[in-house]
There are 2 protein chains.
Amino acid sequence: MSVKWRDFVRSLDKEAIENLAVGAAILGTGGGGDPYIGKLTAIQALEEGYEINVVDVEEVPKDALIIPSAGMGTPTVIVEKLPRGTEIINAFKALGEYLGKEVYATMPIEAGGLNSTFPLAVGAKMGIPIVDADGMGRAFPELQMTTFHINGVTVTPMALADERDNIVILKTCDNYWAEWIARDITIRFGGTAWIALYPMTGKELRKAAIPGTLGLAERLGEAVREARERKENPIDAVLNASQGFELFKGKVVDVERRTTGGFARGVVKIEGFDEYSGNTLEVHIQNENLVAIKNGDVIASVPDLITILDLETAVPITTESVKYGQRCFVIGIPCSEMWRTEKGLEVAGPKYFGYDVEYEPIEEIMGEV
Amino acid sequence: MSVKWRDFVRSLDKEAIENLAVGAAILGTGGGGDPYIGKLTAIQALEEGYEINVVDVEEVPKDALIIPSAGMGTPTVIVEKLPRGTEIINAFKALGEYLGKEVYATMPIEAGGLNSTFPLAVGAKMGIPIVDADGMGRAFPELQMTTFHINGVTVTPMALADERDNIVILKTCDNYWAEWIARDITIRFGGTAWIALYPMTGKELRKAAIPGTLGLAERLGEAVREARERKENPIDAVLNASQGFELFKGKVVDVERRTTGGFARGVVKIEGFDEYSGNTLEVHIQNENLVAIKNGDVIASVPDLITILDLETAVPITTESVKYGQRCFVIGIPCSEMWRTEKGLEVAGPKYFGYDVEYEPIEEIMGEV
């Protein structure tokens, strides 16, 4: 095993993973999968004696090969069809063998319960570090919605695996074709696929990734936990740690949900109470929370982050677990500046998702209110 | 280039390809694609100076690697979206590189207009021979419907390519999964994919392939051409050369056709004339002609071959070109004995296609009539 990265990694323990899973789910804006399932695989790897080592972007050699790893598909399905754990390793190995080069590290493509923590188990079992970075700084539903894509890194060669040991290797003419074909394979696989994709060099990593998001998730989760231990309001702790905004407080009165085209889509309706009494918030979802509409006005939209938190615990509520009667807080968090460029908005702005909404940074909307 | 096969190959000229295309379309039972498009690619290869060399099964070394090549998808689409010719080469090369071994030869997986002749162009351009054999002795709509499958050869590793240079490599847990996933990719590709699949050794080839079907197709086509040149009835020539049976003669009065799930499906209704006056024949299709029902009675069914021929020219009419008003002959030809085994009927008998029909060999049905 290579030891060249051992000097500058930090190892994650169980508590760090618990914090990271909560924080990643906050950044996951309802998507990226259930944080509970995500952290289980990482903690299990620790308990089996594997090490989870995180490395900073600047420490990765410029010519090193990094292969991100993730789960793909409908979060609603992942909750009911738990992975064996070998799927993602199969995909990762298949892509490494296809490329025929030594893989230096893995990393998440997005921040989210499952997809922040699954790469931890991959790194652990492959004996390689996990880069503290991701390609979204939040969660998004489609493969090309990454800062990797915006910066010219290609999704393919990419590998997909399922629990039957089916393996698919894709090499597509562009990143939209990768999404288009991979989404369909995911559906054929039964709703979820385990993937290795966006192979890139350390040089590309520096330009294309959002650095430090694993650390940020860990600090967010830590803030929530400490606030609860000190009997303070955990929501305030989240807003402080994330530089976020309070959007709404209320009770979920309706969830319209359908699983179509490999995505969980729907609308969550929340009726306000306390200072929000008499007001209604609608959150539109496609795996993630995409647009928040208060009394008919858009008060936050992609690419900014919209997260629904449990009112008492500040635990984020994912789009597949949100349900009638939940009392919740809705918060908004500014996205990475990379998403606010023309190219960024073209790839993941509200119009791409079919909403006739002109994107306005959440800080500006909140300033106006 | 390897020369070890040069001693025992026979080279095909333009006339041989013309004959082969007609004969293969007769064996193709309405499927396998348009014979005109198929032969064009082979003849074009000749005109570009490539050689088309055919080798017999017994001459292939037992440890040699053979990779069959084919087009996959809806024939209706292939007619309108002609291939560039590079797609199938891309797929073939991708699979060869994935396997990392020298490829000795290619071959057809089925008999049919396109799929008998496309491998000729692949062999020509790759500088390797084409084995005189196939995996069906006819055409069938699904990948696992081969004598390769019946004899334990796996469809995957398999490569699929399209005209945009998208490439997919599959490695599935079984042959049904290969069909299931590849079919979907074919649909995403726009209705057709160009494939390399069923990699096998010379030893497996001997056990699993139906030998001599390229030669048979050539002789069938030759018989038709010679009969026409001698002003004899070409239908009789086909029946003699194929040991087939006359099933019906009439005019197409209705074609119900739909393209669903990546297949061309439908029913062709034919009203008899001359000695068949007052009778009706229905031919049920799914890319190929599957079941022939005369006045409500099944008179031929898969895996036996059912082919519709133009009444005057004996040119086979494919399922995508059959139309109202065509005057035609319908013939039946006994299938390979491999298909009449329990396993063979399980894979490609009428029940697999959803027909509540007990298979009876066509010779027996014809003996009864």
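When every Cα-Cα distance of the protein assembly as shown is counted in 10 angstrom steps from zero, the calculated P(r) takes the values 3, 14, 21, 19, 15, 13, 10, 5, 1, 0, 0 percent. Considering the rotation that superimposes chain B on chain A, the residue of B whose beta-carbon lies nearest the axis, and that distance in Å, is B:ILE169, 2. Across the copies of the chain, B:GLU337 has label points (7 Å from Cα along Cα→Cβ) spaced 7.9 nm apart, shortest distance listed first. Over chain B, with a Gaussian network built from C-alpha contacts below 10 Å, which listed residue (B:ILE293, B:ILE109, B:ILE78) shows the highest mean-square fluctuation? Maximum among the listed residues: B:ILE293.
With the convex hull constructed from alpha-carbon coordinates only, region B:234-368 shows a mean projected area of 8.2 nm² over all directions.
Can you give the angle from 0 to 90° between the axis of helix A:213-229 and the longest principal axis of chain A, with both taken from C-alpha atoms, to the nearest 10? The two axes meet at around 50 degrees. For A:ASP132, the residues 5 or more places off, or on other chains, whose built amide H falls under 5 Å of its own are A:VAL55, A:ASP56, A:VAL57. The alpha-carbon of A:LYS269 sits under 13 angstrom from the alpha-carbons of these aspartates and glutamates, leaving out residues fewer than 8 places away in its chain: A:ASP254, A:GLU256, A:GLU282.
From helices alone, chain A scores -10000 deg cm²/dmol at 222 nm; the rule is -39500 (n - 2.57) for each run of n ≥ 4 DSSP H residues, then divide by the residue total. Helix A:35-47 and the longest principal axis of the Cα set of chain A meet at an angle near 40°. Counting only aspartates and glutamates at least 8 places from A:LYS62 when in the same chain, those with an alpha carbon closer than 19 Å to its own are A:ASP7, A:GLU102, A:ASP132, A:ASP134, A:GLU204.
May I ask for the angle, rounded to the nearest 10°, between helix B:113-126 and the longest principal axis of chain B, with both axes built from Cα atoms and the value confined to 0 to 90°? With both axes taken from Cα atoms, the answer is about 20 degrees. Counting only residues at least eight positions apart within a chain, or on another chain, the lysines with an alpha carbon under 27 Å from that of A:LYS14 are A:LYS4, A:LYS39, A:LYS81, A:LYS93, A:LYS125, A:LYS231. With Cα atoms defining each centre, region A:113-143 and region A:1-54 are spaced 9 Å apart in the structure. With contacts taken as Cα pairs under 8 Å at a separation of at least 6 residues, region A:148-252 carries a relative contact order of 24 percent. Sorted shortest first, the separations between the A:GLU97 label point and its copies elsewhere in the assembly read 1.8 nm; each point sits 7 Å from Cα along the Cα-to-Cβ line. Using R0 = 30 Å, the C-beta based FRET efficiency linking A:SER277 and A:THR341 works out to 0.15. Compactness of region B:134-232 is given as radius of gyration and Dmax, 16.9, 54 Å, from Cα positions. Computed on region B:10-213, the Cα convex hull volume stands at 98 Å³ per residue. Remark: chain A is approximated by an ellipsoid whose semi-axes, taken from the C-alpha gyration tensor as √(5λ), come to 31, 22, 19 Å, largest first. Which residue fluctuates the most in chain B, going by a Gaussian network model with Cα springs under 10 Å, if the choices are B:TRP339, B:TRP177, B:TRP194? It is B:TRP177.
Copy-to-copy label distances for A:ARG206, where each label lies 7 Å from Cα along Cα-to-Cβ, are 6.0 nm in order of increasing length.
Rule-based calculations on the coordinates, nothing more; no lab input. Computed from a predicted structure; not experimentally measured. Using ideal geometry, Cβ is built from the backbone for each residue, glycine included, and neighbour counts are taken over all protein chains shown.
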